[in-house]
Structures are given as C-alpha cells and as structure tokens.
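Let me begin by presenting the structure, written as structure tokens, before commenting on it.
The values are calculated or read from the model by the stated rules, or taken from the named source; none is laboratory data. Not measured: the values here are computed from a predicted model. Cβ placement follows ideal geometry from the backbone for every residue including glycine, while neighbour counts extend to all protein chains displayed.
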C-alpha cells in the first residue's frame, strides 16, 4: 500500500538579500517541485516560506516510495555477446551484471539488423528519503544567485553562510548533509523574541510552531499582509494615511520576521522640501513609510517597521528619528545650495560626464538631442506657438541636474529635481515640465509625458540613445541589454502611439543616425534599427501592453498583415491595426480575406504583370462589369479616406465588394486563353488588391 507523509526542508542562513528574497523563495519551491515530479513521487499542495534568515518548502502528502517500474534494455548483438564456442564474452557479462542477472536469464530479440540480447524486468522504486537529499541539493544549486560566498574552513558556497538545515519526512529526519550542514529537526526562532531553538515533532507543524513559540511569521504573503495592516493602523494613529509603495512593502517584509510598527516624527520645517525628496529620504533610503494628511500633503511623520517588540518603544522611536534627521538635514542643505546657481550656469559641467566613450559627453548628447527635438517639435506644431523654442531650451537643460548635489545623493530624482530647479530659475513652465517628463516612461506601465514639449524631448532623447548605441555596435544580444535599449524603444513607441504623435519613424531614425560622431552605413543601420523597433512593437501588441488590447486581442497574423505594408509611423500602424481588427469581425471579412489570398496567388503565378489599366470593352461577363463599376465608384472616396487615415471607413466601403467579388469568381475564368481578356481581368484584380493593400495585406491572414 502506498504511504504518504508531509516533507519539510528549511535552510537557515544569515540575513538574505531583501530584494532577492521573494525570487529565491519561488525558485527554491519550483526546484523542489520539479525534482519530486521528475522522481515520479505523488504529492499534494506545496507551500513555500521565506524570512530574512530562512528559506523553506513544505510538501503535503508526499509519496514516501517510488512505484515499481518496468525496465527494458537492449544489450550487445548475439554475434558480439558470444564467442565461436558459444561462451559469453565480456560484453555479455558486463551487460548482465548491469541488469543484476546472469547471462542465462537474458532474452533475445530480433530486428532487421540481427539478433540482440535483451533484458526485461521490474525496477523497485527508491525510498523518498534516499531521493530527497539530491532533490534539495539540486534545487539549491539552481537558485538565481549571481554571486556565491564561502565561509569558515569548508568548501560550501551559498548566497549567505548557512547555519542550520531541517529535513523532515513526517516525523523522521531525512539523513543528509547539504552545504556543509547536517539535517536535523531543530529550527531557530526570532533572534530576540520567543524560543531561540525549536524542535519540530513533524513537518506539518512548521509554520504554527515558529509563530507560537518562535515569534516568526514564516509565510511571506501573510507577513506582508500584516506589515500593510500594521502600517495603515499606525498611519491613522499619526492622524493621516500611510503611503505604501509595493516595492518598499516587499522589501520591509523581507527585513523582518515579526513586524512591529513604530510611528516617528520630524521637524515641520522639512516639509518645505519637495515632496519627492522627503519620500526618497524616508522610503528609498530608510525603508520608512511616509504619512499624508487629509489634504494629500505630507505630514511630518513616518511609520517604520521594527523587527523587535521592545519593552521601551519610546527608545525605538527615538532611534529611528535620530537616524532620519541627519538625512533630512543633508537634503535641506542640498536643496538650498543647488538653488544658489541656475541650471544654465552649470551646463558646461556636463562636458565632464561621459555618456559613452565613442559618443562623447552628456553635453555632446544634449546638443544632438536639442537638434532632433526641434525637428520633432516642428512635426507636432501646426503653427508657431513657441513649442520649438521651449523644446530646445528644455533639451539644453534636461541633463544638468545630474551635476547637482541633490541628484548626486538621490539619483532616482533626476529630471524631477531639474523641474524644481528650472522653475526656481524662472524658466517657462513648458521647459520645466519637459525636463521632468522626458524621462517618462521610466519603466513598464509608467506614466507618459503629458505636454507636447515633454513628448518631443522624450522622443528625441530615446532616438539619440538608440541610434548612438546601434552606431557603435552595442545593440542588445540575447538577454543582454546593458543600455536598456528595449525599454527605450518600447517607451518611444508608447509615446508615439498613446500620445497620438504621428512621426515618420524611418526618417527620424535617419536624422538621429546622421548626427552620431561615428562612421556608419546610415541606410543599412537605419533599416536594422527600424526592424528592431518593429520587433518591440510586435511584443507591445502580442504581450498585451497596448491600452485596451489585452494579451490575445491581437494575433501574430494580424500584426504581420499591417507590418507587410510598412506604415510610415507607429501611430499610423496602430490605426490600421485597429481598423483591420474591427473589419475582421464583419460578415464580409472572411470572404474578402479568402479572395485576397486567392488574388495574391493568381497574380503571383501569372506570367504577365498587369499595368493596372482596365479596358471596359474587353469585358465578356456581367460580373466583370459589375465589379469594375463598383471599384470605380469607391475610388474617389477611398483616396479621401486614406488622406485622413480613416482606415475603418476604407474597409467598411470595401466590405461592399463582397457580393461583386464572390460573383466574379463564381462566373469568370481569370486565366483564359484569350490573352487580352486575361490581362484585362488580371488588371481588374490588381486594382482590387491595391485598394486593400492601401490598408493591410489581408492575404496573410488565416482563413478556414
């Protein structure tokens, strides 16, 4: 009878990297799961745990022994297995020994190539206790740890020194030594709370024993929920509402085993600092949660999460306040000192910052971006409204905050501090906003620039980066993308599409490449960069990043139908894509898509290439005349709709052709032996296909 028991493995370490903790937890659980499934062991639910000092996996209902399995092996040929006297050779004896039987017990099997020795038997399943050490060791070796360390006199390597190992199957210890530590049944509680050492009677008791006796919440998700709940309650205690950034909540959760909230306060004078500076000081540097008042403004308070329930909470509060005050003093000093000199007077210092060795300094880049941004702004402007001047000024100042003390201390505030300093210098509001917005989107899902100047500058900055890095041959390969070009390309595409910016991408890639200070083949490199952008655009749609187009809404074939026409701008591409998607939902779409495929094949296979001229006098069938008249009637409005990119209207008009097209193919022989009529019919079909190709190549769409 098959037996099952819960299996627990816990690896106890020194404090693990907080930002990597969740990734390590998932990878460890996946590794253990994969190992037991590869071993053919049945199991129930698998739970994972992670705290600063431990990684653990609990497998419920693990099969304690592999099932027996049938084994079939083919050995050496009979000719090789026996000598001339019929005695077994060393090859036969070695094969028999490997199978655990005598040579006489082996079977023979015949094939077209001869007769062979053959073994058929039953392999007894191994005990889980024999398999689990290897499974756990392989799972640990497979963790995403970029750099491992050694400790003590041993040879073991891990992300942090290992101090204990628990491996229990039911109530029995699984004998093993992993990473230099022998497995046992003893785990460790909180460093300062509860019982320091805890003996587990059985695997399933793990989480409950740690919580009740060890003051450790081992479940990361449960601990995270408690961090949020405690922080929110503490924010209310501070007469406000705590601001919870998801990444910071995760990191705080990875730093504590028993979260205890602490409300701290600081002097109200620090509220004169930009809110982003306060938040960066509290949140990014100290892992404290800011508190906002009812009006949304920051309060002179914060919530910290301690890993200790102190007998003197006031001392803990004072300690946290003592740590944060010097940082706020530094920020206030930077704020005051940076504003003593206008951004424009600092610009020359950008010459000392290398953007890329072959591409020059950040100052050089700002010059290229300024020229390119002016071109973009000219495309965005329908009249002289100062946009071009504002964009050039913003481009000249956009990177200057990199040499300020505040950004030196808080690099994540680049752009935002440029906005504050430009505004303080009296720069035009469009200039100040563009300096901040040109970094947007900073990551996937981030907000886009809102102003025309911000859009123009963001586009130009990304185009220059893409063109420059491609020009020096450092384009992404495989998973390597040190210059984050994929992110830059996707951000550029998002701005063009989601902010309705119509730009000839190939043309502007050419402008950007021509400005680079290296010798290149602009045409071939421009084509390569354009295709790189199209690949990013494909991922944008197929992976569900486009607004209101979830994953699966756009098929690879639909994308290919538009890409085949190589639209000039990504916005134009988007408009065509939406129009064709909607068209394919019409009743006429299926028939017309089939007709397009048929027409494409006919024209491809024809020896003569029609010039597009149709002679009505050569019509023989009424269906020819009907199709020609219908096409002619559509052409005028067709051109007008194309001019204003009304692709939905174009396709709606073309849907009217379903009847005439079906009738044409039902009653007309295109490839007639009458050469003039054949050429005339091919010309008619060429005109028809041309009208559809003005939007997309429907012939690449699948039709059933």
Any hit, region 267-284, residues being in a loop (DSSP other than H, G, I, E, B), under 35 Å from the mean Cα position of the chain (by Cα) and surrounded by 16 or more Cβ atoms within 10 Å (Cβ to Cβ): yes
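Condition check ((1) assigned by TED's automatic domain parsing to the domain that holds residue 443; (2) surrounded by 15 or more Cβ atoms within 10 Å (Cβ to Cβ); (3) in contact with a helix residue (DSSP H, G or I) (Cβ under 6 Å, 6 or more places away or on another chain)) across all residues:
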{"site": "480", "(1), (2), (3)": "yes, no, no"}
{"site": "488", "(1), (2), (3)": "yes, yes, yes"}
{"site": "494", "(1), (2), (3)": "yes, yes, no"}
{"site": "512", "(1), (2), (3)": "yes, yes, yes"}
{"site": "524", "(1), (2), (3)": "yes, no, no"}
{"site": "531", "(1), (2), (3)": "yes, no, no"}
{"site": "537", "(1), (2), (3)": "yes, yes, yes"}
Residues satisfying the stated conditions in region 351-379, i.e. free of Cβ contacts under 8 Å to residues at least 24 places away in the same chain and either part of a loop (DSSP other than H, G, I, E, B) or outside the structural domain of residue 501 (by TED's automatic domain parsing) (or both): 357
Boolean, residue 696 is outside any helix (DSSP H, G or I), surrounded by 18 or more Cβ atoms within 10 Å (Cβ to Cβ) and in the same structural domain as residue 608 (by TED's automatic domain parsing): yes
Some residue of region 660-671 being free of Cβ contacts under 8 Å to residues at least 40 places away in the same chain and either surrounded by fewer than 17 Cβ atoms within 10 Å (Cβ to Cβ) or over 19 Å from residue 585 (Cβ atoms) (or both): yes
Number of positions in region 139-165 that are touching a helix residue (DSSP H, G or I) at 6+ places or on another chain (Cβ under 8 Å) and part of a strand (DSSP E or B): 1
Hey, residue 47 in a strand (DSSP E or B), within 30 Å of the chain's Cα centre (by Cα) and surrounded by 15 or more Cβ atoms within 10 Å (Cβ to Cβ) or not: yes
Region 191-211: number of residues that are surrounded by 14 or more Cβ atoms within 10 Å (Cβ to Cβ) and closer than 24 Å to residue 44 by Cβ: 10
Check on residue 16, in the same structural domain as residue 141 (by TED's automatic domain parsing), farther than 25 Å from residue 202 by Cα and not in a helix (DSSP H, G or I): yes
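Would it be correct to say that residue 650 is assigned to a helix (DSSP H, G or I) and in contact with a helix residue (DSSP H, G or I) (Cβ under 8 Å, 6 or more places away or on another chain)?
For residue 650, the condition - assigned to a helix (DSSP H, G or I) and in contact with a helix residue (DSSP H, G or I) (Cβ under 8 Å, 6 or more places away or on another chain) - is met.
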Filter result for residue 96 (closer than 21 Å to residue 3 by Cβ, out of contact with any strand residue (DSSP E or B) (no Cβ under 7 Å at 6 or more places or on another chain) and either without any contact (Cβ under 8 Å) to a residue 24 or more places away in the chain or assigned by TED's automatic domain parsing to the domain that holds residue 21 (or both)): no
Residues being in contact with a strand residue (DSSP E or B) (Cβ under 8 Å, 6 or more places away or on another chain), touching a residue at least 24 places away in the same chain (Cβ under 8 Å) and surrounded by fewer than 17 Cβ atoms within 10 Å (Cβ to Cβ) - total across region 12-39: 1
Qualifying residue in region 558-567 (condition: outside any helix (DSSP H, G or I), within 28 Å of the chain's Cα centre (by Cα), exposed (fewer than 14 other Cβ atoms within 10 Å of the Cβ) and on the phi > 0 side of the Ramachandran plot): yes
